[in-house]
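The values are calculated or read from the model by the stated rules, or taken from the named source; none is laboratory data. Note that the structure is a prediction, hence the values are computed from the model and not measured. All accessible areas refer to the heavy atoms of the entire protein, side chains included, with ligands and DNA or RNA removed. Shrake-Rupley method; radii C 1.70, N 1.55, O 1.52, S 1.80 Å.
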Amino acid sequence: MPVRLAGASDPAQGRLEVLRQGIWAAVGDAVGFNQAAMAEVVCRQLGYTRGLLSLGLLFFPKPSAVPVWH
């Protein structure tokens, strides 16, 4: 599944979005998942050597037109 970071001027930061059914959407709270491990996996998928978890939507709020996948 294609992923990207959006909403920041630094390409290594941002809100996590996934492409699903042809639509980019922000990832909602991953309840029940180890979010730090998920950040690590996604960042490696994007080509970074490691990942860090931030408070995503607090620092990189989504525009109202961007849907959220839960």
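Between LEU53 and residues 5 or more places away or on another chain, which pairs have amide H atoms under 5 Å apart, with H built 1.01 Å from N, and which residues are they?
Hits under the 5 Å cutoff: none.
Keeping every protein chain in place, order MET38, MET1 by accessible area at 1.4 Å, biggest value first, i.e. largest first.
Working: MET38 65, MET1 140 Å².
Reading off the accessible areas and sorting them downward yields MET1, MET38.
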